[in-house]
Every structure is written in C-alpha cells, then in structure tokens.
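Below: one structure, written as structure tokens.
Please treat every number below as a calculation from the coordinates, not as lab data. A quick note: this is a predicted structure, and the numbers were derived from the prediction, not measured. So basically every Cβ, Gly included, is an ideal-geometry build from the backbone, and we count neighbours across all protein chains shown.
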Amino acid sequence: MPTKRRCSFHVSILLIHHLRKGGANDPMDEISGSTGLTGATDCNMVLQRERGKREAILYITGRDVEEQALSLTFDEDIAHWSINEAPRSAKISPDRQAILDLLEASDRPMSPVEIADMLSIDIDKLRKKLYYMCKSDLICNTSRGLYQSVTKDVVQSTLDQLNELF
C-alpha cells in the first residue's frame, strides 16, 4: 500500500544495488541477486566502466523506457557525467538491429504480427520496441499500422516528388 500511495504523488524510488563479480554477455545479467529483483523493478540500469577510465557505458532497459546503451564521460573537475554523441548503431540493441535489418530488406511495409513471427519476438514486447523506434526516428509507421525503415520512406517520398515533376 505505501508504494501505491507514492505512485499517486508521482514519487520515484531509486534503489542502488551492486553487480556480481563474474562478467556476463548481457549487462543486465550482472545485477546481483535473483531475476526476481530485476523483474520487480520498472527500470534497470547498469553502468560499466573500466577502472581508471573516464568513459563508461550506461545500459538501460525497462517497461516504460527505451532500451538503450549510452556512452558517457566523467568530468572529474565538476563531478558530472556527460552523454557522448555516439553513432546510432552503437546504441541499438540486437533486437532493434534485427528489426531494422528486416524492415530494410523488405520490399514493402510490414505489420507487427509479421515482424514478430519472422523474428520470434513476443508481440507485446515488439509493439513497445516499434513505438520507441518510431519515436527515435529509426523506423516510421505508415498507414494502417504498417512499419518500414526510415530510409525507404525518404527514398519513396523523393521518388513520389520526382514523379510529380515529370
């Protein structure tokens, strides 16, 4: 009950926890404890930095946030982390890259059901990824809930404009 009361006042609870010592392929697997710990939270973040280095990567995943990896640099003079501008591909998760590759290879816009079937991704998770990918301008939502790569949309728009001229 106390947590629900806090939510009605729009209060966030930030829990800082440690990582386990053994490395893992997925940064979220490095969070110490059972998967129940990460499953009970709305958002999980892992900051990875080599000892003595100013650069780090902040991995973010969660229910209501865009899954991403941010390249950061620490400024010791002002004790402040800054986000580096990294190439878009460095910030894209493997699932998102697979979605992009599929849409770029497709000769037509695709529905979420088609994408989910071809990539074996849960449809609800896919819809959330598609939503955030549209917000990030990685893909675009065409009419009737179909999705295509942004590059194809730009190319088609340019072709349409050229056809109108000639």
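By the count of neighbouring beta-carbon atoms within 10 Å, fewest first, VAL11, VAL150 end up ordered VAL11, VAL150.
Return ASP42, ASP29 ranked ascending by Cβ neighbour count within 10 Å, so the fewest neighbours appear first.
On the way: ASP42 10, ASP29 14.
Fewest-to-most Cβ neighbours within 10 Å comes out as ASP42, ASP29.
Bridgeable aspartates and glutamates around LYS128 (alpha carbons under 13 Å apart, same-chain partners fewer than 8 residues away excluded): ASP64, GLU66, GLU67, ASP95.
If you take the beta carbon distance between SER106 and MET28 as r and set R0 to 35 Å, what does 1/(1 + (r/R0)^6) give as a FRET efficiency, to the nearest 0.05? Here the calculated transfer efficiency is 0.70. Put in order of Cβ neighbour count within 10 Å, fewest first, the listed residues TYR59, TYR131, TYR147 become TYR131, TYR59, TYR147. For LYS21, the aspartates and glutamates whose Cα falls under 17 Å of its own Cα, not counting residues fewer than eight places away in the same chain, are ASP29, GLU30, GLU50.
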